[in-house]
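*Asks:* Structure incoming, see below.
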Amino acid sequence: MPPARIPPALRDYLLAPSLRPLWSGLRDRLERTGHAVRGSIAVPLDEDGADRLSGLLGRATPAGLARVRLADLDTSLRSSAAGCGLVAFVAELTGAPLGNRPAERAAAHAGRQRLWAQLDLLLAEHDLAARDWAPRWADWCRRSGLLTRLTAAQVATTLSVTVQALARILDDTGSPADPPTGLAELASEITGDAHGLDGGVPAALVLRALAFALDTPPATSAAERRLLWQRAGVSTDEISGTVITWALRPPGRDRWSAMMRERADLGLITHLTVHELRRAAGVGAGLTGPGEIVHACENPQVLQHLAAAGVTRPVACLSGSPAAAGVALLARTTVLYHGDFDWPGIAIARRVFDRGARPWRFGCDDYVHAVGRLPVEGRLGLSGRTQATPWDEALGAAMTAADVAVHEEATVDLLLSDLR
């Protein structure tokens, strides 16, 4: 609509302070109703305002709370020197085009619908739509407001980067896939910028999806974000994340293998980084001798207890969901794994077993026996989302029926007996 050209005399006459409440009220009303010229508006008028409005309408308008019909104003303005309707007149008189809030809301709604349809399409294209975490993550994306703050172009780029990263990180089982070289390499591959996943909306979206996929609390600090990346098999660096080992004696003749054997002989616990596992001399020859098995636990206190007891067989601790260093160790040797008999512990175990480890006293019979050893008083119930136990389907059913959590520390004597 072209701007109205109000004659200066009429503008000065109607822009008097006494009529400003009328024009501001009309502006709000017209924006709220999508420029509908219908109904009426109540406005307080003093004697001057009532006199000026009477002159415009051509009839007497008393002072006080006056009710003015919008259609009457529109008719009067069109026949006046203004020569335009109410909408154009109010826009000109108040200094800016009128907004259209219903249309803006409709456009915003349509934009959100396109956004969520785009997200659903990308998830389907990358075979992620059927994952159990995907609906919960998509719902969180809708509620978080992170995407709705971006422009359409930014949304398209952000969603593409996010879903590509998730498809690259998580395999068909929802567990970390073969780990990327590192976070910088992953970011370079997907975004073209080594720092493209260091922060901002894409990193926030990916990390929240990983928290859902790994069934862990969302990361709220830099340290937690780094740990979550590592638990997803992505190295934020090669030196901070570790896997804890005891009595690991690589058989190679290189200096690193000799050093590891000497540390084992000295009774020292060793934290191995991704850097060391990838670069140490003799790594290609293997971490263990032929037929040797590494027993792995979830909790560092369990490894500490086993070390204090002086076991001589190699033991590793993954410290919860395995970080990149733990993933590297799982790929390099045969591992038997034990963890907590609770739903978070089952979720971790499933990811460990998906990477080739086998259960260590972690079946249905082991759970039933462990529950029977607990005192009736003080037993803890299960919490969190129920998890499948594909390595022993009876385990999940037994846990659901008993509703008792058994933490790894309660079975440490049984684990110790296997290692003597």
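The values are calculated or read from the model by the stated rules, or taken from the named source; none is laboratory data. None of the values given here were measured: they were computed from a predicted structure. Cβ sites come from the backbone with ideal geometry, for glycine too, and all protein chains shown count toward neighbours. Note: accessible area is taken over every heavy atom of the protein model, side chains too, but ligands, DNA and RNA are not part of it. Shrake-Rupley method; radii C 1.70, N 1.55, O 1.52, S 1.80 Å.
*Asks:* Under 5 Å between amide hydrogens, which residues at least 5 positions from Thr61 or on another chain qualify, with H placed 1.01 Å from N in the peptide plane?
*Replies:* Hits under the 5 Å cutoff: Ser54.
*Asks:* Okay, helix-only estimate at 222 nm for the chain: each DSSP H run of n ≥ 4 adds -39500 (n - 2.57), divide by all residues, round to 500 deg cm²/dmol; what do you get?
*Replies:* One gets -15000 deg cm²/dmol as the mean residue ellipticity at 222 nm.
*Asks:* Please give the contour-minus-distance gain from Gln154 to Gln113: 0.36 nm per residue of separation, less the Cα-Cα distance, rounded to one decimal in nm.
*Replies:* Taking 0.36 nm per residue and subtracting the Cα distance, the gain is 13.2 nm.
*Asks:* Still on this structure, please answer the following. For the range 368-396 and the range 277-327, what is the separation of their C-alpha centers, rounded to whole Å?
*Replies:* 26 Å
*Asks:* Relative contact order (percent) for the chain, with alpha-carbon contacts under 8 angstrom and 6 or more residues of separation?
*Replies:* RCO, the chain: 10 percent.
*Asks:* Follow-up question, since we're still on this one. Under the classification rounded if a/c is under 1.5, otherwise prolate if a/b is larger than b/c and oblate if not, where does the range 294-420 fall, given a ≥ b ≥ c as square roots of the Cα gyration tensor eigenvalues?
*Replies:* Oblate, because a/c is 1.5 or more while a/b does not exceed b/c.
*Asks:* Hey, another quick one. Mind running the shape call on the range 324-381? Use the C-alpha gyration tensor, a ≥ b ≥ c as the square roots of the eigenvalues: rounded below 1.5 for a/c, prolate if a/b tops b/c, oblate otherwise.
*Replies:* The shape class here is prolate.
*Asks:* Given (i) 21.7, 64; (ii) 24.2, 78; (iii) 34.4, 108 as candidate values of Rg and Dmax of the Cα atoms in Å, which corresponds to the one derived from the coordinates?
*Replies:* The value computed from this structure is option (iii).
*Asks:* Tell me which residues come under 5 Å, amide H to amide H, from Ser40 once H is placed; ignore anything under 5 positions away on its chain.
*Replies:* The answer is Leu70.
*Asks:* Next up: Which ³J(HN,Hα) values, rounded to whole Hz and listed in residue order, are derived for the range 200-215 from phi using the Karplus coefficients 6.51, -1.76 and 1.60 in 6.51 cos²θ - 1.76 cosθ + 1.60 with θ = phi - 60°, glycine and proline given as x?
*Replies:* After applying 6.51 cos²θ - 1.76 cosθ + 1.60, I find x, 5, x, 5, 4, 5, 5, 5, 5, 5, 5, 4, 5, 5, 8, 6 Hz.
*Asks:* Same structure again: Taking amide H positions as placed in the peptide plane 1.01 Å from N, state which residues far from Thr333 in sequence (5 or more) or on other chains have amide H under 5 Å from it.
*Replies:* Placed amide hydrogens put nothing under 5 Å from Thr333.
*Asks:* Using only Cα atoms, find the angle between the long axis of helix 20-32 and the longest principal axis of the chain, and express it within 0 to 90 degrees, rounded to the nearest 10.
*Replies:* It is inclined by approximately 50 degrees.
*Asks:* Just to confirm a number: summing +1 for Lys and Arg and -1 for Asp and Glu over residues other than Glu409 whose beta-carbon lies under 13 angstrom from that of Glu409, what do you get?
*Replies:* -4
*Asks:* While we're looking at this one, here's another question. Which of the listed residues, Val206, Met259, Leu170, is farthest toward the dipole's positive end in the chain, when Lys, Arg count +1 and Asp, Glu count -1 at the beta-carbon?
*Replies:* Val206
*Asks:* Hey, any idea what % of the chain's accessible area is carbon plus sulfur with a 1.4 Å probe?
*Replies:* Exposed carbon and sulfur together represent 53 percent of the surface.
*Asks:* Looking at the range 60-162, which trypsin sites (Lys or Arg not before Pro) are DSSP coil and have at most 13 other C-beta atoms within 10 Å of their C-beta?
*Replies:* Passing sites in the range 60-162 are Arg149.
*Asks:* Counting heavy atoms of the protein chains only and a 1.4 Å probe, report the per residue accessible area for the chain as a whole number of Å².
*Replies:* Each residue of the chain exposes 47 Å² on average to a 1.4 Å probe.
*Asks:* Relative contact order for the range 243-397 using alpha-carbon pairs under 8 Å, separation at least 6, rounded to a whole percent?
*Replies:* The normalised contact order for the range 243-397 reaches 21 percent.
*Asks:* Continuing with the same structure: For the range 187-315, what does the alpha-carbon gyration tensor say about shape, rounded, prolate or oblate, given a ≥ b ≥ c as the root eigenvalues, a/c under 1.5 as rounded, and a/b over b/c as prolate?
*Replies:* The shape class here is prolate.
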